[in-house]
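To start, the structure under review is shown below, and the notes come after it.
The values are calculated or read from the model by the stated rules, or taken from the named source; none is laboratory data. For clarity, every value in this text was computed on a predicted model and none was experimentally measured. Positions of Cβ are generated from backbone atoms using ideal geometry, with glycine treated the same way; all protein chains shown enter the neighbour counts. Areas reflect the complete protein model, heavy atoms only, side chains present, ligands, DNA and RNA absent. Shrake-Rupley method; radii C 1.70, N 1.55, O 1.52, S 1.80 Å.
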Amino acid sequence: MENLNFYILTGGPGSGKSTVLNLLSNMGYLTVEETGRNIIRKQIKSQGDAVPWKNASRYTRLMFLHAIIDFEEFTHVQKTCFFDRGILDILGYCRLVNIPITAILKKTVHKYRYNPKVFLFPPWEEIYTNDTERKQDFKEAERTYHVLKNVYEEFGYQTVIVPRLTPINRAQWIIENLNK
């Protein structure tokens, strides 16, 4: 199942993806928020343990399920849609934190395909901050970036590095580079 209208914004935490996604939404584009943050918020609210710093395996399973649901919910879309992370990000996360990659995850990343052009946000220490949902340090953000770059390229995607610009200029740059 492939949808060439689905574009992934990915990269390490704190690199500006969500800010740009919100701007793209404000510009009228269809967007899908990051699954991981929503899971963390719900788990914190319900005092659950499916968060990266308590039960990374359970957190990963929930991210995986929600990422498939997000893809399926928007499969009918025939216009540009931006995703804050994709199913391959989960495989990358598994590699990053040494969680075994299941056969179903491997099969799923081949089954659900996004546009081959993936917008990769590089680590940017000047804008990096922690919050209640982001507890990684900047070094882990850098490692995440490299793992994701390798994973997307390994699975046949073209990673396009998003330049360090103001958020609105990044959003405009992405739009200008959709069909290049």
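Structure above, values below:
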| read-out | value |
| --- | --- |
| Dipole magnitude of region 54-180, debye to nearest 20 (Cβ charges: Lys/Arg +1, Asp/Glu -1, about Cα centre) | 400 |
| Proximal aspartates and glutamates to K54, defined as alpha-carbon separation beneath 13 angstrom and excluding residues fewer than eight positions away on the same chain | E133 |
| Low-density loop positions, chymotrypsin sites (Phe, Trp or Tyr not before Pro), region 31-82 - DSSP coil, at most 13 other Cβ in 10 Å | W53 |
| Accessible surface ranking that places the most exposed of S15, S46, S25 first, with a 1.4 angstrom probe | S46, S25, S15 |
| Entries in K17/K149; K17/K106; K117/K180 that, when Cα-Cα distance is taken, lie over 18 Å | K17/K106 |
| Of the trypsin sites (Lys or Arg not before Pro) in region 69-111, those whose Cβ has at most 16 other Cβ within 10 Å and which sit in DSSP loop | K79 |
| Neighbour net charge for G48 - beta-carbon separation under 9 angstrom, K R +1, D E -1 | +3 |
| Accessible-area composition of region 52-104, carbon plus sulfur, in percent [1.4 Å probe] | 58 |
| Relative contact order [Cα under 8 Å, 6+ residues apart], region 1-100, whole percent | 41 |
| As computed over region 27-148, the Cα convex hull volume per residue (Å³) | 129 |
| Sites excluded, GluC sites (Glu not before Pro) in DSSP loops with at most 16 other C-beta within 10 Å, longest stretch of the chain | 34-124 |
| Evaluated at q = 0.18, 0.23, 0.27, 0.28 Å⁻¹: base-10 log I(q)/I(0), Debye formula over Cα of region 1-73 | -0.84, -1.16, -1.28, -1.30 |
| Separation of alpha-carbon centers, region 49-128 and region 1-37, rounded to whole Å | 12 |
